[in-house]
Amino acid sequence: MIMVKYESSIKQVPYAQQAVYEMLSDLNNIDRVRDRLPEDKLQNITFDRDSVSVAVPPIGEIALHVCDREEPKCVKFEAAQSPIPFNLWVQMLPVTETSSKMKVTLQADIPLMLKAMVGSRLQEGVEQMAEMLAMIPYEK
């Protein structure tokens, strides 16, 4: 196994850092954006305040739980169920009082033989997740 890290590019978010943090730190808020999630890529989503479970074809069932919250700048997730062990964190920094920027980071333990096959997909997935998170309406 080799520990690898994938980082998204920095995304601009037209909402205050605190609003972004409050939304992402409580996974019950997924319900507010469920209709924006790509049903072909994410299926059978269940969630509560601290965890989310989703079927991701062709990977299978993935479950995450919040393992750390650093208000108002970071929410860290740990894989509770996944084909590979990983952590994911979303960092938020203020730009102005009404805007912020965000970055998504994934750190995974991947068998060395698989790194070449899945590395580009994981990087692409992290980038897509950051783009999706940047487009969420964070107002209440």
Inset, instruction - Determine whether the range 107-117 contains at least one residue that is in contact with a strand residue (DSSP E or B) (Cβ under 7 Å, 6 or more places away or on another chain), surrounded by 13 or more Cβ atoms within 10 Å (Cβ to Cβ) and under 24 Å from residue 140 (Cα atoms). - result: no
Legend entry - Residues located in the range 65-92, provided they are within 23 Å of residue 131 (Cβ to Cβ) and either aromatic (Phe, Trp, Tyr) or not in a strand (DSSP E or B) (or both): 72, 73, 77, 82, 84, 86, 89
Inset, instruction - Determine whether residue 62 is in a loop (DSSP other than H, G, I, E, B) and of a type in the set (A, V, I, L, M). - result: no
Inset, instruction - Consider residue 12 carefully, then state whether it is out of contact with any Cys (no Cβ under 6 Å at 6 or more places or on another chain), within 25 Å of residue 139 (Cβ to Cβ) and open to solvent by 70 Å² or more (accessible area, probe 1.4 Å). - result: yes
Inset, instruction - Output the qualifying pairs, or none if there are none: Cβ atoms under 7 angstrom, residues six or more apart or on different chains, first residue in the range 113-131 and closer than 21 Å to residue 102 by Cβ, second residue hydrophobic (A, V, I, L, M, F, W, C). - result: 122/106; 122/108; 126/104; 126/106; 129/104; 130/102; 130/104
Legend entry - Close pairs from the range 15-39: first under 20 Å from residue 88 (Cα atoms) and of a type in the set (D, E, K, R), partner at pLDDT 95 or above and open to solvent by 30 Å² or more (accessible area, probe 1.4 Å), Cβ under 6 Å, at least 6 apart: 26/49
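One line per residue, one yes/no per condition, for (1) loosely packed, with under 14 Cβ neighbours inside 10 Å; (2) modelled with pLDDT of 90 or more:
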site	(1), (2)
34	yes, no
52	no, yes
125	no, no
128	no, yes
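The values are calculated or read from the model by the stated rules, or taken from the named source; none is laboratory data. Note that the coordinates shown come from a computational prediction; the quantities given were computed from them, not determined experimentally. Counting neighbours? That spans all protein chains shown, and the Cβs are built from the backbone with ideal geometry, glycine included. The protein model used for the area step is the full one, side chains on, heavy atoms only, and it has no ligands, DNA or RNA in it. Shrake-Rupley method; radii C 1.70, N 1.55, O 1.52, S 1.80 Å.
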